[in-house]
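A.B. asks: Let me begin by handing over the structure; questions about it come next.
The values are calculated or read from the model by the stated rules, or taken from the named source; none is laboratory data. Just so we're clear, the structure is a prediction, and the values are computed from it rather than from any experiment. Here the Cβ is made from the backbone with ideal geometry for all residues, glycine too, and neighbour counts use every protein chain on show.
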Amino acid sequence: MIETYVVTTNEYLAWILEFSLSQFEFTFLNKHDSNFFREKAPNLLIYDLPTVHNQSGLHKILNTITCPVMFVDSSNRNVISNTIEALKLKENNKGSYQHRDNNNSYLLTKNLIFDIESHCLYKGDEKIHLSTIEFKLLYILTKNETPLSSEELIDYLDTTGPAVLYVYIRKLREKLEDNPCKPQVLVCSRGKGYYIKNFTK
């Protein structure tokens, strides 16, 4: 079963998801509680955009959640139909939300794998979830062959400034590094920027 949380107040969306997708185990929520998501680790979060009343609350959840997020618009029946079809493809594709050695996985070190599709790291046999911002940070670093400056990362992540960026870098290093105080994976070259050491695509 694919454990899935759905944030919505639309009864039709809730009904059609449960009716159409037998391999998904749905939990329906109707409020934005970032503390709830900090304590839980579903395989997928479906977020109904008309439910959004508080942008800051949504931002907190996106910074906290460690799984893929799918946004839908339940006010548009065509969007709901397309969402169902997309999820059916996932349902029929065994292992879609599991770790796989394919083009969506990057070997960062000999025992550290970055799995893009599942938004997580694998360190040996340990699965380490990444928040949305941590994922975006690691993703852009693996996609660029040259170091990225603090200014470039701030612009890409849409953060408020260097202090916030450094917090996310520290949190990501805690998950990447054996010793975050002496980073060997996510490193910084003075005058050039941040990059993933010894990483080749």
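A.B. asks: For the stretch 1-81, please list each of the helices (runs of 4 or more DSSP H) lying entirely inside it that holds at least 2 residues being at pLDDT 85 or above.
C.D. replies: Fully inside the stretch 1-81 and qualifying: 11-20.
A.B. asks: A follow-up question, please. Which residues, taken from the stretch 118-137, are among the small types (Gly, Ala, Ser) and either assigned to a helix (DSSP H, G or I) or surrounded by fewer than 18 Cβ atoms within 10 Å (Cβ to Cβ) (or both)? Don't jump to the end; show me each part of the working.
C.D. replies: So in the stretch 118-137, the residues among the small types (Gly, Ala, Ser) come out as 118, 124, 131.
The one that is among the small types (Gly, Ala, Ser) and either assigned to a helix (DSSP H, G or I) or surrounded by fewer than 18 Cβ atoms within 10 Å (Cβ to Cβ) (or both): GLY124.
A.B. asks: Here is a list of conditions, (1) over 14 Å from the mean Cα position of the chain (by Cα); (2) without any contact (Cβ under 8 Å) to a residue 24 or more places away in the chain; (3) not in a strand (DSSP E or B), and ILE140 meets all of them except one; can you say which number that is?
C.D. replies: (1)
A.B. asks: Ok, one more. Which pairs do you get when a residue that is over 11 Å from THR4 (Cα atoms) and loosely packed, with under 13 Cβ neighbours inside 10 Å, found in the stretch 18-41, comes within reach of a residue that is among the charged types (D, E, K, R) and at pLDDT below 85, reach meaning Cβ atoms under 8 angstrom, with the pair 6+ apart or on two chains?
C.D. replies: Correct list of pairs: SER22/GLU91.
A.B. asks: Next question. Of all residues in the stretch 146-156, which are within 13 Å of LYS192 (Cβ to Cβ) and either of a type in the set (S, T, N, Q) or in contact (Cβ under 8 Å) with a residue 12 or more places away in the chain (or both)?
C.D. replies: Scanning the stretch 146-156 gives THR146, PRO147, LEU148, SER149, SER150, GLU152, LEU153.
A.B. asks: Would you pick out the residues in the stretch 143-201 that are outside any helix (DSSP H, G or I) and hydrophobic (A, V, I, L, M, F, W, C)?
C.D. replies: Of the residues in the stretch 143-201, the ones outside any helix (DSSP H, G or I) are 144-149, 158-161, 177-201.
The answer is LEU148, CYS181, VAL185, LEU186, VAL187, CYS188, ILE196, PHE199.
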